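In what follows, a single structure is set out as structure tokens and then discussed.
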Amino acid sequence: MIDATDLVVTPGFINCHMHISYAHAVRGIYPDDIGLKYLPTVFNLQQQMTDEEEYYTTLLGITELIKYGTTCFLDPGTTKFLDVCMEAYELAGSRIVIGSNVVDRENPLNIPVSYTEDAINEIERVIQTYNNKQNGMVTAWATPFSPAYCSENLLKAAKEIADKYDTGLTLHYNNSQEFIDKTVAQYGKLPTEVLADLNILGSNTLLAHALGLRQSELGLLSDNNTKITICPTAALKSGAGISHSSLVPEMLDLGITIGLGTDAANNSNLVETMRSMYLSAVIFKDGRNDVNMVPAETALEMATIKAATALGLQDSIGSLEVGKRADIVLFDTMRPEWGSLFNPVNNLIYSADGRSVKMVFINGRLVVDDYTPLFLDSTDLIRKVQIIGENLLSRTGLHFPSKWPITKDSD
């Protein structure tokens, strides 16, 4: 029995797009004016990581998520050493969707290119090996990187494999004007129309970021029950124009399921799902000059039941209901940011953040108590990942000098 006096109880939050395995080792190295030019170095850093480095870096990312109330997340395939990282998932007790990032076209991001058949085999191997492991806490999806760097054959095969194993497919779907123009020139159609023709859209398809969409594409998403996840933390920091050009309000009006993500700790720099909730509730109000855009209640749903639906897990998580799994977060309202308390949803979205998470349960297991993760020594882990990051930057020669002089005490 738990005395929940002065506590607000919510479902565990769900992060539908979070690169977990590499970014925490080099968090904060990129200047905020670098834009998307950082991307090629990201995957170079990732490829240089050893299995031990990826294990500890993954564990730090999961610890941050859990400590601030995120009990389930999707890693869109960028983990290299899944066997080793499975140990991190089990230690933390997290609920996770994983996959293998594959492409079969040359790309400017330094993502290793596979032959199409090899990429297809890798998608199926990962699903066969890892789906429903750790008593169902781990789910495996098809995770080819994006339509920009994958052939039609690879995309169609990925969807067929997802359907065959009754699991999901996710794609990075951040459509630049260059990609849109190239697609129209090649097919005479917009990117979403091409995906529809290839039978890629569907109830088990999740398109991440969903920037660069046109109004005429939304009907296809709605008609095919395709899911969307947005990452406002990353979009805002990269100057993507999400506040005024994203069609999130229109998608919500059509009943399209939208979940929230944070992307990675080296582009958005933050991975706290609660901040994505806050941003989702404010940026469209400002961008449209309309306070009716994305109410607080909708923002909360986008991190809970809508996010669970986006991951196909709505029957087991995403709300506090009898018969669902016990993924539960308890907030301490005896903190200044919660006072005074009359409308808990408003306070949760607009005032609170993860600092007030006092207890977290995942699948009925207490993993955070009195603000402290119970499954490891987080101070020791942070120091380990600091060394990993320093070694990784040294090996790769990547360096971005600070704009301000920084003094570091060597003692």
Value of relative contact order over the chain, rounded to a whole percent, pairs C-alpha under 8 Å and six or more apart
21
Among 76, 144, 401, the residue with the largest mean-square fluctuation in a Gaussian network model of the chain built from Cα contacts under 10 Å is 401
Just tell me which lysines come within less than 30 Å, Cα to Cα, of residue 182; anything on the same chain fewer than 8 places away is out.
37, 156, 159, 227, 237
Net charge contributed by nearby residues that have their C-beta within less than 12 Å of residue 385 (K/R +1, D/E -1)
-3
Among the DSSP beta bridges whose two residues both lie in the range 12-396, what percent are antiparallel, rounded to the nearest 5?
30
Option label - Cα extents along the principal axes in Å computed here, alternatives (1) 100, 51, 33; (2) 60, 51, 46; (3) 68, 45, 37
(2)
With the chain treated as a Gaussian network of Cα nodes joined by springs under 10 Å, which of 182, 306, 67 yields the largest mean-square fluctuation?
182
Sum of side-chain charges, residue 80 neighbourhood, beta-carbon under 9 Å (Lys, Arg +1; Asp, Glu -1):
-2
Given the C-alpha centroids of the range 1-20 and the range 24-45, what is the distance between them in whole angstrom?
30
Just to confirm my numbers, what's the Cα centroid distance between the range 265-287 and the range 129-198 in Å?
25
Derived scalar couplings ³J(HN,Hα) [the range 32-48; Karplus, 6.51 cos²θ - 1.76 cosθ + 1.60; whole Hz; x for Gly, Pro]:
6, 9, 7, x, 7, 5, 6, 4, x, 6, 4, 6, 5, 4, 4, 5, 7
Could you list 81, 331 in order of exposure, starting from the residue whose Cβ has the fewest other Cβ atoms within 10 Å?
81, 331
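All of the numbers you see were taken from the coordinates with simple rules; none came from a lab. As the structure is a prediction and not an experimental result, all values here were calculated from the model. Quick reminder, even Gly has a Cβ in these numbers, built from the backbone with ideal geometry, and neighbours come from all protein chains shown.
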